[in-house]
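Notes follow the structure.
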Amino acid sequence: MSVTENLAAIRDRIATAALRASRNSEEIALMAVSKTHPPELIREAYAAGQKLFGENRVQEFSVKAPLLADLTEAGYHMIGHLQTNKSAKAVEFFAAIDSIDSVKLADKLNAAAHELNKTLDVLIEINVGGEAAKTGISAESEELENLLQSAPRLETVKFRGLMTVPPFTEDPEGARSYFRKLRELRDTIAARKLPGIRMDVLSMGMSHDFEVAIEEGSTCVRVGTAIFGERKKN
């Protein structure tokens, strides 16, 4: 199937999952994860109405970005782990960083965004499974609280919500408890009404398990393989 056909199928599945959960499918953003895929496929997705894209590596996207400059309605989010020494470059190329995991990184992004006179939306990445091999911070960590408390002084960085990648299980149902945990954390933070903190976005669910994520409250699903096919080997 083509990228266009795949997108149509994914949108149908999002609508069905939303209906099952008594939700409005228009509240759920579809992010096409275009990492490792060439500009031609991004263009095909864009032509089919896809406007939101996710990339994992600053260096990779810095090469692709000039080739996609004419896609004026496209928005690109950094969803992979971001090293602090690449923060300035990331701010230059991305509209949002969905993988904040430290105050140090938030400070670097704030300074870079200020330098470029732009505002940067960010999500805090939570490691819901406590997996050592994955990035993100623990829901119970002091670093999370420090990030939340740092928001008022970060003038150009705007906290919009949370993101996670749960432990992989063959059965998508295995991810449900992790998605629920993130939603409950989001609700707890939102109820505190902290200055400079909005919790509108719950980015969770990928090709394998996005329907379960929608049932648990996801507002943004990140789908790559189911749209573009298997990723190109580096």
Taking Cα centroids, how far is the stretch 67-85 from the stretch 7-64 in Å?
13
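For the stretch 130-198, what D do you get in µm² per second when you plug the Kirkwood radius from alpha-carbon pairs into Stokes-Einstein at 20 °C and 1.002 mPa s?
159
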Using +1 on the beta carbon of Lys and Arg, -1 on that of Asp and Glu, and nothing else charged, what's the dipole of the stretch 3-228 about the Cα centre, debye to 20?
420
Checking the a/c ratio against 1.5 first, then a/b against b/c, what shape does the Cα gyration tensor give for the stretch 1-112?
oblate
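Run through the stretch 123-178 and list the GluC sites (Glu not before Pro) located in a DSSP loop whose Cβ has at most 14 other Cβ atoms within 10 Å. Don't skip to the answer; put the middle values down first.
On the way: sites: GLU125, GLU131, GLU140, GLU142, GLU143, GLU145, GLU155, GLU170, GLU173; in loops: GLU131, GLU140, GLU155, GLU170.
Here the sparse-neighbourhood loop sites are GLU131, GLU140, GLU155, GLU170.
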Taking Cα centroids, how far is the stretch 181-201 from the stretch 113-160 in Å?
12
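For a quick check of your reading of the filter: which trypsin sites (Lys or Arg not before Pro) in the stretch 67-140 sit in a DSSP loop and have no more than 14 other Cβ atoms within 10 Å? It would help to have the intermediate numbers written out before the result.
Working: sites: LYS86, LYS89, LYS104, LYS108, LYS118, LYS134; in loops: LYS118, LYS134.
Within the stretch 67-140, the qualifying trypsin sites (Lys or Arg not before Pro) (loop, at most 14 other Cβ atoms within 10 Å) are LYS118.
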For the chain, with the dipole built from +1 on Lys and Arg beta-carbon atoms and -1 on Asp and Glu ones, taken about the Cα centre, which of HIS114, ASN127, PRO39 lies farthest toward the positive end?
HIS114
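Please identify the chymotrypsin sites (Phe, Trp or Tyr not before Pro) of the stretch 145-234 that satisfy two criteria: DSSP loop assignment and at most 15 other Cβ atoms within 10 Å. Which are they?
Here the sparse-neighbourhood loop sites are PHE168.
Looking at this model, which pairs from LYS89/LYS193; LYS86/LYS193; LYS108/LYS134; LYS158/LYS193; LYS51/LYS181; LYS35/LYS193 are more than 26 angstrom apart at the alpha-carbon? Write down the numbers at each step before the final one.
Numbers: LYS89/LYS193 32 Å; LYS86/LYS193 31 Å; LYS108/LYS134 22 Å; LYS158/LYS193 14 Å; LYS51/LYS181 29 Å; LYS35/LYS193 35 Å.
Flagged as over cut-off: LYS89/LYS193; LYS86/LYS193; LYS51/LYS181; LYS35/LYS193.
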Could you compute Rg(Cα) / (2.2 N^0.38 Å) for the chain, with N its residue count?
0.97
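A short reminder: the numbers here are calculations on the coordinates, not readings from a lab. Keep in mind the model is a prediction, meaning the values are calculated, not measured. No Cβ is skipped: glycine too gets one built from the backbone with ideal geometry, and neighbour counts run over all protein chains shown.
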